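Inspection log for the structure reproduced underneath, given as structure tokens.
Computed from the coordinates by the stated procedures, all read-outs in this text should not be read as laboratory data. As the structure is a prediction and not an experimental result, all values here were calculated from the model. Using ideal geometry, Cβ is built from the backbone for each residue, glycine included, and neighbour counts are taken over all protein chains shown.
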2 protein chains.
Amino acid sequence: MSGLLHRPDEVRRWIAERRSADGLGVRRVPFDRMEGWRFHPDTGNLAHVSGRFFSVEGLRIRHGATEREWSRPVIVQPESGILGMLVRRDRAGEPEFLMQVKMEPGNFGLVQLSPTVQATPSNYTRVHAGRGVRHIEHFLPPRSGRVLTDALQSEQGAWFDRKSNRNIVVEAPDGVVAAPGDDHRWIPLHTLKALLREPDLVNMDSRSVLACLPLHETAERASDAGESFGASLARSLRPSDAGAPHTIGELLTRLNDVRADRWAEVRRIALGQVDGWHREADEVRHGAGRHFRIIAVTAHASGREVRRWDQPLLAPVGVGVSAFLVRRVEGVLHVLVGAHWEPGLAAGAELGPTVQCDTGDFAGLSREQRPPFLDAVLTAPEKRVRYDVVQSEEGGRFHHARSRYMIVEADAPTAAEAEADPRFSWATPGQLIGLCQSSGPVSVQARTLLACLHTLW
Amino acid sequence: MSGLLHRPDEVRRWIAERRSADGLGVRRVPFDRMEGWRFHPDTGNLAHVSGRFFSVEGLRIRHGATEREWSRPVIVQPESGILGMLVRRDRAGEPEFLMQVKMEPGNFGLVQLSPTVQATPSNYTRVHAGRGVRHIEHFLPPRSGRVLTDALQSEQGAWFDRKSNRNIVVEAPDGVVAAPGDDHRWIPLHTLKALLREPDLVNMDSRSVLACLPLHETAERASDAGESFGASLARSLRPSDAGAPHTIGELLTRLNDVRADRWAEVRRIALGQVDGWHREADEVRHGAGRHFRIIAVTAHASGREVRRWDQPLLAPVGVGVSAFLVRRVEGVLHVLVGAHWEPGLAAGAELGPTVQCDTGDFAGLSREQRPPFLDAVLTAPEKRVRYDVVQSEEGGRFHHARSRYMIVEADAPTAAEAEADPRFSWATPGQLIGLCQSSGPVSVQARTLLACLHTLW
């Protein structure tokens, strides 16, 4: 067996088989039924008794300009892990990715496709770390393969306090992977693109890593020289300022202006000190039911391997929306980048999608309170909507955290409105991919959309 | 009066005049004599009663691989400020910088040259911020000048917890600055280079901003096409991978490998929880007298303007050493970059000098404990030492924090030894300058050395 799955239905069958063979189940429990997790008697922080994994603590935010103060719970995970993707090329030069089928308790559908490796230093550096991480050797020095991209990337700044992961893609030398193993299969790029058109199959980590990979040569080879959407997109993927209305430097200066303007003091506090949130027997929730809840689950596998573990998860309210408005100018696609501030981002704000709503909270807002361009995206006529698929965020920390990811062509009035707002800038996808390769400030939601854009050429 | 100082002695006279005219004085006081600063009764944190400026708290570090734990005091300053340099060109195209003469209580010599603007958002964004910051308008949107470089840069990770400042250089349109004002003068690049050859005149912020400025065209115009040190240096300043042994991508992968290897969990704690440090009436000190002390000073000006303020300062032990080993390969200069871990750096480690000792602590270490290449630098014969000048760090937070900055040509055995150690990489100065322009991970000590390198062409 070659370990290669060529068609989307083969991948779907593999995922379904694993789901049933592993006899997976997850159910909610009250906090006091979680084995190994405790609320600290003094601080109220929710942490594992070993001090490992992650904890739920608080952030206090004081907005610089208005001095308004508020606080909220946050997931603290000090370790920066590796998200590693192994890639090889078939005879025609098409990339094939070594994907892992991975169960996470918070995953919608339990099992999704993850990169070749998801691991933290405590998994792979400690002497007695137990079972090694399969395929990790390709990502640690000395490497036999060629590093195609390698950079630290941030994750959700509304839910994590300064979390980052190393996103790395390594091209495998011929035949270096003799046997992928039960949890891994090679999947060609065109198949992965097909799977990205479906909801909840390609996990957040996979999308994040894919976004950092320069694919402009592959895309341009696959596209015609015409004026179609796909051809414009392929031309826009070059990691340079060609065809872009602003240089990378100008984009970063506009971002730095927003950072200064939106400056806030953010301080880690104890979960017990967070105002306006309530701890019940089975959830920590916001007084008005907004944002998210912290819940507890017990997860078990009863198939090939019997194991059970408990953990907290962050469960967002409703389904979020992240969207790029796009336009075509002289045969090059531009996306409208928004500078979005979040308390858990190290530098305060990053370049993200046009619309970035992590939760479905916006439903209750008045028209004035709604984020810019949200309605332009949600009410766009069908013919302008190029992509509209629900995808899941990290299932190891979030419970059914899902967002509608959309790519929508802007009409002329909307495009004109965007020009006037300094928080928004037109950029080429290639500029963002270039930034991703140098640990540039591109949000995880924007990286998902960059991965989804590849479904359109 | 043109507001231009052309010769180094004119600048020295200006600084000396200001020093005496302002009747400046700083003296140490016990903590309880500091007006407005208190140790918090519960946490022991040293902070201003208003909650503004900065505070002295603690960090607890748990090293990932060994699980060794330790703690230390740290300066916490959540605000990210602006270090802004205004530049114009004379008729021959030489850059002239609008420098500020600035008194800081911790400065060696009290008064040094700072960038055009040093300001935090609370200085320039708040409605009732009082007296405006002179020349700030050139650095805030909408700008009339052209932005030459603009990026967030880190500062000392051994003394600050994740401090960063926006380093920005703006080219002024002709005649936009009618009157520099008493505290500002235009100083040409060649004069600034001469001042950088002297100790303690060009402050850390100025050096940091200068390091981010692409000067390769100016340097190449000024240099011959030969094989001299200066010509090799000028060619090495191009912000590209040309003539470099590694690509930027390879440099960053090697850095990420060190980050993973040297991974540690760093957590902010209260100053009162720091182990092994003692609080006396007039200092917080390490039990064995190592690292640094926290002291208190009262500063006063009795000249044109009468004012007085008190504040804590961090006073390092002894004089540090930061040095680049350099070599010339085929007419291009390479510097030996070290990946140095510090607890207060957001990503754990950054690209720094070959040798980076913030304090004089190394004097007591055995040969085995001494940092790599320290002795190679300190014992190099005079003819290999290209630069050896003591410069000061930030005088607003540190008291007489001084380091010997050195640029030393490596002999063949040392250069060979460097090749074998994955923590060290040969790079061109231009690669580092390019990284600085994109908020890349180049340490503040390395940025000082990049500024000092310009004295050698």
Point to revise | Table column - 3J(HN,Hα) (Hz), region B:218-224, Karplus curve with 6.51, -1.76, 1.60, x for Gly and Pro | key: 4, 5, 5, 4, 7, 10, 7
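Can you work out the FRET efficiency for the pair B:Glu368 and A:Glu368, with r the C-beta to C-beta distance and R0 = 51 Å, to the nearest 0.05?
Numbers: r = 66 Å, r/R0 = 1.30.
Working from the Cβ atoms, E equals 0.15.
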Check your understanding: Across peptide B:147-157, what mean number of C-beta atoms from other chains lies inside 10 Å of a residue's C-beta?
Key -> 3
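Determine the dipole magnitude for the protein assembly as shown: charges of +1 sit on the beta-carbon of Lys and Arg, -1 on that of Asp and Glu, nothing else is charged, the reference point is the Cα centre, and the result goes in debye to the nearest 20. Can you show the working numbers first?
On the way: 114 positive and 114 negative charges, 198 e Å.
Around 960 debye, computed over the protein assembly as shown.
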Check your understanding: How far apart, in nm, are two points set 7 Å out from the Cα along the Cα-to-Cβ line at B:Arg12 and at B:Ile61?
Key -> 4.0 nm
Practice item. Could you list A:Lys102, B:Lys383 in order of exposure, starting from the residue whose Cβ has the fewest other Cβ atoms within 10 Å? Key: B:Lys383, A:Lys102
Check your understanding: If you count, for every residue in A:260-270, the Cβ atoms of partner chains within 10 Å of its Cβ, what is the mean?
Key -> 4
Review point. What residues have an amide H closer than 5 Å to that of A:Leu4, excluding those fewer than 5 places away on the same chain, when H is modeled at 1.01 Å from N in the peptide plane?
Key: A:Trp186
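What's the exposure ranking of B:Met85, B:Met406, going from fewest to most Cβ atoms within 10 Å? If you can, show how the numbers build up before the last one.
Details: B:Met85 29, B:Met406 24.
With the fewest neighbours first, B:Met85, B:Met406 line up as B:Met406, B:Met85.
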Check your understanding: For region B:9-23, in order, what is each residue's ³J(HN,Hα) by Karplus, 6.51 cos²θ - 1.76 cosθ + 1.60 with θ = phi - 60°, in whole Hz (x at glycine and Pro)?
Key -> 5, 5, 5, 4, 5, 4, 4, 5, 4, 5, 4, 7, 5, 7, x
Study note, to complete from the structure: Cα extents of region B:296-423 per principal axis, largest first, Å, are 58, 30, 29
Review point. Considering amide H positions built from the backbone, and no H for Pro or chain starts, which residues 5 or more places from B:Ile269, or on another chain, come under 5 Å of its amide H?
Key: B:Gly58, B:Leu59, B:Arg60
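B:Asp224 to B:Ala420: extension gain in nm, 0.36 nm per residue of separation minus the Cα-Cα distance?
Working: separation 196, 0.36 × 196 = 70.56 nm, distance 3.39 nm.
Full extension from B:Asp224 to B:Ala420 adds 67.2 nm.
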Study note, to complete from the structure: Over the Cα atoms of region A:1-153 the radius of gyration and the largest Cα-Cα distance (Dmax), both in Å, equal 20.4, 63
Exercise for review: At a temperature of 10 °C and a viscosity of 1.306 mPa s, determine how fast chain B diffuses translationally according to Stokes-Einstein, using the Kirkwood radius over alpha-carbon pairs as Rh; express D in µm²/s, rounded to the nearest whole number.
Suggested key: 70 µm²/s
Study note, to complete from the structure: Taking the square root of 5λ for each eigenvalue of the C-alpha gyration tensor of the protein assembly as shown, the equivalent ellipsoid has semi-axes, largest first and in whole angstrom, of 45, 32, 29
Review point. What spacing in nm lies between the two simple spin-label points modelled at B:Ile136 and B:Val49, each 7 Å away from Cα in the Cβ direction?
Key: 2.5 nm
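Give the peptides A:251-262, B:141-152, B:314-325, B:173-184 in descending order of average Cβ contacts within 10 Å, highest first. Before the final figure, lay out each step's value.
Working: A:251-262: 21.7, B:141-152: 16.3, B:314-325: 23.2, B:173-184: 12.9.
My ranking of the peptides, most packed first, is B:314-325, A:251-262, B:141-152, B:173-184.
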**Study point:** Using a 7 Å Cα-to-Cβ projection, B:Val29 label spacings across copies, nm, ascending
**Key:** 5.8
Point to revise | For A:Ala315, residues with placed amide H under 5 Å, excluding near neighbours | key: A:Arg293, A:Ile294, A:Ile295, A:His399
Review point. At B:Glu417, label 7 Å along Cα→Cβ: distances to the other copies, nm, ascending?
Key: 6.5
Check your understanding: If you line up the Cα atoms of region B:384-457 on their principal axes, what length do they span on each, largest first, in Å?
Key -> 41, 30, 26
Review point. From the label point of B:Val49, set 7 Å along Cα to the beta carbon, how far off in nm is each other copy's matching point, shortest first?
Key: 4.7
Review point. From a point 7 Å beyond the Cα of A:Val329 in the direction of its Cβ, which residues of region A:244-261 have a backbone N at a distance under 16 Å?
Key: A:244-252, A:254
Point to revise | Isolated Cys in the protein assembly as shown, by beta carbon distance under 4.7 Å | key: A:Cys357, A:Cys452, B:Cys357, B:Cys452
Review point. Under a plain spin-label model, where a point goes 7 Å from the Cα along Cα-to-Cβ, how far apart in nm are B:Arg19 and A:Ser302?
Key: 8.1 nm
Review point. In whole Hz, what ³J(HN,Hα) sequence does region A:435-447 give by Karplus (6.51, -1.76, 1.60; θ = phi - 60°), x for Gly and Pro?
Key: 5, 4, 5, 10, 6, x, x, 10, 5, 5, 5, 5, 5
Point to revise | Percent RCO, i.e. relative contact order, over chain B, from Cα pairs under 8 Å lying at least 6 residues apart | key: 22 percent
**Study point:** Reachable aspartates and glutamates from A:Lys383, criterion Cα separation under 13 angstrom, eight or more residues apart if same chain
**Key:** A:Glu409, A:Asp411
Exercise for review: Return B:Thr66, B:Thr428 ranked ascending by Cβ neighbour count within 10 Å, so the fewest neighbours appear first.
Suggested key: B:Thr66, B:Thr428
Review point. Counting only other chains, what is the mean number of Cβ atoms within 10 angstrom of the Cβ of each residue in peptide B:76-83?
Key: 3
Check your understanding: Can you give the Rg and Dmax of region A:1-41 based on its C-alpha atoms, in angstrom?
Key -> 18.3, 54
